[in-house]
Structures are given as C-alpha cells and as structure tokens.
Amino acid sequence: MSVTPTPARTKSPAKIKKPVKDTTQIEFSDNALVQILYGPQAANLTRLSEGTGVDIGNRGSIVLLSGDPQKVAQAKLILSQLYSRLREGDIDRVDTETVDAALRLSEPDEANPWGNGGNGGSGSADVFGGARLAIQTKKRRISPRSKRQKDYIEAMLDHELVFGIGPAGTGKTYLAVAMAVQMLLQGQVDRIVLSRPAVEAGERLGFLPGDLKDKVDPYLRPLYDALNDTLPGDVVMKRMERGEIEVAPLAFMRGRTLAHSFVILDEAQNSTPMQMKMFLTRLGEGSRMVVTGDLTQIDLPPGTKSGLRDALEILEGVADVGRVQFDQRDVVRHPLVTKIVIAYDAADALQKKIQDSYKGGKKGKTAGQDSNDSPA
C-alpha cells in the first residue's frame with residue numbers, strides 16, 4: 001500500500017509593518033513674518049527637514065509636515081515657537097543657526113519627553129526658556145542655544161559662584177560676559193572684572209614689545225571681543241576709563257577684594273591650584289563669579305596640576321556653587337567644529353585606553369616576576 005506524502009506547509013511571508021506616519025499642517029496669519037520664518041529660498045524649512053527627517057512643504061502661509069509622529073511634533077513645535085517669538089518681537093530674524101538651536105533645545109530627554117511637545121507649541125513651555133533666560137544687552141537680545149546653555153544661564157542667575165566646563169564653541173565665555181553686561185546695565189553690579197591666566201597656548205611667544213598693556217592684551221583679546229559684541233565700542237571705552245569694566249591678567253588679582261562686581265575667570269584650566277585659590281577668595285559682598293575652562297586644553301608645564309581641576313575636586317558638593325558641564329552637543333559655532341571636537345575626544349579616549357592597557361600589562365608582568373623570584 002503506497003502512502004502519498006503530505007506536502008509541507010509553506011509559511012506565508014511575514015507582513016512588514018509600515019512605519020507609522022503622521023501628516024499635519026500649520027497655517028500662519030502674517031505673511032511678512034512667514035517670509036522671515038521660512039528664510040531665503042525656504043532655507044530654514046530645508047534645515048528643519050534635514051534635522052528632523054520630516055518632509056516639509058509649503059503653500060503660501062501654510063506649512064505641510066509628514067513623517068514620524070514624534071519628529072512631526074518636534075518640527076511643529078519649533079515652527080510655532082519661532083513664529084511666536086517673531087510676532088512678539090523677541091527676535092527679528094530667523095536663520096539656519098536659529099533653527100539648529102531650536103533643534104538642540106527641543107530634543108527629548110528624561111526631564112522633557114516627547115509627549116509634552118505634541119501639540120505643536122500650544123500650551124507647551126518655551127524651548128528657549130522664556131523671558132527669564134533671555135539676556136538683554138545694548139546690542140542684542142541673547143537666548144540660550146542648547147540645553148546646557150539654559151542650565152548655565154539659570155545657574156548664573158541663581159548662584160554666586162558658577163563653573164562652566166566644556167569644549168570650545170559652547171558659549172561659556174560669551175554668555176558669562178553677556179550676563180555680566182546685563183547686570184551692569186541693570187545696576188545689579190557696579191563693575192565687571194574679566195581675567196585670564198597669561199599662558200601661551202603651546203607656543204613660545206618670546207619678548208613682546210610695548211608697555212605692560214601691550215604685552216598682556218594678546219592674551220585677553222577674546223574677552224574684548226565678547227565685550228564689543230554686547231556693547232558699542234565707544235561705551236566699552238568710556239566704561240573702561242571710568243573703571244566700570246576692567247580686563248586684567250589673573251596675576252593682578254592678588255590682594256584685592258572684589259565687592260559688587262561680576263568677575264569672570266576665563267581659560268581657568270591654565271591656572272595653578274594656588275592661583276585658583278587666590279582668585280576664588282577675591283569674592284566680595286554683592287558679587288558674582290563665573291569660572292570657565294576646558295580641561296582637555298591645558299597649556300601648563302608637564303606635571304603641573306590644573307587649578308580648575310583642583311577646584312572642581314575640592315568644591316564638589318559645596319552648597320551654593322553651580323557647575324555646568326558642556327559637551328560636543330552644545331557647540332554652537334560652525335557645524336564642522338562639532339565634528340572636530342568629537343574626533344579629538346575619540347582620539348583622546350583611544351590614547352587613554354592604550355595607556356591603561358599598557359600600564360595593566362606592565363603591572364601584571366612585574367607581579368609575575370615577583371612571584372617567580374620569591375623563595376619556594
């Protein structure tokens with residue numbers, strides 16, 4: 001008797017789930033503001049599309065959004081809040097850098113999950129931090145451009161001593177100078193004192209001609225640049241002549257008590273522990289102090305501990321001391337700067353890993369030799 005084999009069942013192909021897509025639109029009422037919001041040739045919409053992965057189109061004052069629901073919510077939130085800021089006069093222009101800042105500020109985190117931005121800004125908190133975090137100077141109104149910048153501005157408002165640590169281009173010095181200028185204009189402090197260690201960045205400059213001011217000015221030029229970006233040049237000169245703004249090397253701080261002042265120490269990683277202690281103890285009544293630096297760019301002689309690193313270790317856990325740690329996500333210069341910082345950080349991490357493995361192997365080898373040399 002022959003048995004006919006039962007044909008094997010063929011599995012039906014698994015259904016591929018199509019990604020969920022959301023499509024929505026926003027309509028704006030003021031055509032003049034819409035043109036500013038979009039940018040020349042809709043460059044701002046293009047940057048927003050690249051940053052979120054959302055398909056963005058526009059028909060006149062109507063913007064169409066299509067893509068991942070969470071990303072659509074983010075794009076809608078950004079457009080709504082930028083338009084609101086234009087309408088309320090908080091800003092008078094929008095460029096791709098403004099869009100990049102809004103993208104950084106609206107990214108979700110544990111404190112601000114996606115869920116609370118889904119209504120496109122209606123009833124949502126201002127991602128730029130609102131009026132409290134806006135710094136007003138004679139030249140411009142400055143808003144935070146990353147989440148750590150928001151934390152930094154809040155820390156400067158709430159603490160008398162703040163450390164801002166992180167890579168170049170994160171706005172540590174610029175925001176500190178802007179906050180100092182705002183407090184001076186509002187009469188909250190009587191003067192601004194800006195200081196830096198006079199340390200050469202990996203070079204030997206040799207003899208510099210001129211008087212003392214000519215010799216130290218090259219080290220302090222970035223502080224002058226920040227001042228001139230927040231105050232008209234003639235105002236800076238007049239206030240410097242009256243002693244309301246002072247720019248001086250760190251060595252000139254010894255023996256002083258800085259009362260009713262906003263004091264900034266920039267490039268603090270190049271101070272020694274003794275200099276840092278001397279500087280921190282200059283804090284007088286009614287004063288605020290901000291210390292900025294990048295622990296990856298120390299130019300001190302080999303074997304000399306950074307005063308910034310020393311202070312962070314000693315003051316860990318001390319009440320009323322603010323500390324904000326920036327990273328490559330907060331770089332607000334040219335986008336290439338972010339990539340450069342990431343590349344250098346990766347190279348440093350690899351170098352440290354190689355050194356640690358070498359030390360570990362050498363230690364193990366020494367231990368083995370000691371065991372072989374011990375008497376039986």
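Under Stokes-Einstein, with the Kirkwood radius over Cα pairs standing in for Rh, what whole-number D in µm²/s applies to region 219-261 at 10 °C and 1.306 mPa s?
Answer from the Stokes-Einstein relation: 137 µm²/s.
Assuming 0.36 nm per residue, please report the length gained on full extension of the stretch Lys352 to Glu316 beyond their Cα-Cα distance.
Between Lys352 and Glu316, full extension yields an extra 10.5 nm.
Please give the contour-minus-distance gain from Asp234 to Arg87: 0.36 nm per residue of separation, less the Cα-Cα distance, rounded to one decimal in nm.
Separation in residues times 0.36 nm, less the Cα-Cα distance, equals 49.7 nm.
Which FRET efficiency, nearest 0.05, do Glu160 and Glu27 yield, Cβ-Cβ r, R0 45 Å?
For Glu160 and Glu27, the calculated efficiency is 0.40.
For region 17-74, rounded, prolate or oblate, judged on the Cα gyration tensor with a ≥ b ≥ c (square roots of eigenvalues), a/c < 1.5 rounded, else prolate if a/b > b/c?
Note, shape of region 17-74 comes out prolate.
Sort 168-176, 190-198 by the packing proxy (mean of other Cβ within 10 Å over each peptide's residues), most packed first.
168-176, 190-198
So what's the net charge close to Tyr83: Lys and Arg +1, Asp and Glu -1, counting the other residues with Cβ under 14 Å from its Cβ?
-2
Roughly how many nanometres apart are two label points built 7 Å out from the Cα toward the Cβ at Asp95 and Glu244?
2.9 nm
Give, rounded to the nearest 20 debye, the magnitude of the charge dipole that region 236-342 has about its Cα centre when Lys and Arg contribute +1 at Cβ and Asp and Glu contribute -1 at Cβ.
Value, rounded to 20: 200 debye.
Give the Rg (one decimal place) followed by the Dmax (whole number) of region 220-320, computed from C-alpha coordinates and expressed in Å.
14.8, 44
Across region 160-176, in residue order, what do the Karplus-derived ³J(HN,Hα) couplings come to in whole Hz, using 6.51 cos²θ - 1.76 cosθ + 1.60 with θ = phi - 60° and x for Gly and Pro?
7, 10, 10, 9, x, 10, x, x, 5, x, 9, x, 4, 6, 4, 5, 5
Taking 7 Å along the Cα-to-C-beta vector as the label spot, tell me the Asp55-Asp299 distance in nanometres, rounded to one decimal.
The answer from the label model is 5.2 nm.
For the residue pair Ile62 and Leu336, what label-to-label distance in nm results when each label sits 7 Å from Cα along the Cα-to-beta-carbon direction?
Spacing of the two 7 Å Cα→Cβ label points: 4.2 nm.
Probe 1.4 Å, all protein chains in place: accessible area of Thr296 in Å², nearest 10?
Accessible surface of Thr296 is approximately 90 Å².
From the cross-link list Lys147/Lys238; Lys172/Lys305; Lys277/Lys305, which pairs have alpha carbons spaced over 25 Å apart?
Cα-Cα > 25 Å for Lys147/Lys238; rest within.
If R0 is 25 Å, what FRET efficiency do you get for Asp225 and Asp190 from their C-beta distance, rounded to 0.05?
Using R0 = 25 Å, I get an efficiency of 0.60.
How many angstrom lie between the Cα centre of region 322-351 and the Cα centre of region 155-169?
17 Å
Once amide H atoms are built 1.01 Å from N in the peptide plane, which residues 5 or more positions from Arg288, or in another chain, come under 5 Å H to H?
Ser261, Phe262, Val263
Size of region 42-111 along its principal axes in angstrom, Cα-based, largest extent first?
Extents along the principal axes: 33, 31, 17 Å.
The values are calculated or read from the model by the stated rules, or taken from the named source; none is laboratory data. Remember, it's a predicted structure, so these values are computed and weren't measured experimentally. Note that we place each Cβ from the backbone using ideal geometry, even for glycine, and neighbour counts take in every protein chain shown. Heavy atoms of the whole protein, side chains included, go into the accessibility calculation; ligands, DNA and RNA do not. Shrake-Rupley method; radii C 1.70, N 1.55, O 1.52, S 1.80 Å.
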